[in-house]
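Read through the structure below, which is laid out as structure tokens, and then see the notes.
Just so you know, all these numbers are worked out from the coordinates, no wet-lab data involved. Since the structure is predicted, the reported quantities are computational estimates derived from the model, not experimental observations. Here the Cβ positions follow ideal geometry from the backbone for every residue, glycine too, while neighbour counts run over all protein chains shown.
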Amino acid sequence: MSIAAANTNMRVPAGFRNLLEGLAREVLREQPADVVAFAAQYFQKLLEQREAGGIDPVAWGAMLED
């Protein structure tokens with residue numbers, strides 16, 4: 001059974017827009033040949049920074065959006 005998209009109310013999670021804007025900015029700056037591999041590396045670096053006790057870009061972006 002399919003559900004019509006027009007009847008679905010979806011919200012973008014807090015911080016998601018900021019996270020994607022950061023990725024887009026880096027893609028435009030670097031102009032990688034393989035955008036998917038670049039995105040994987042970009043998000044891996046963010047995870048490593050978060051796990052090392054650094055800033056969480058999603059939480060930071062959510063604060064900016066409020």
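The label point for Val35 and the one for Arg11, both projected 7 Å from the Cα toward the Cβ, are 2.9 nm apart.
Note on the stretch 4-47: along the principal axes its Cα atoms extend 38, 20, 16 Å, ordered by decreasing extent.
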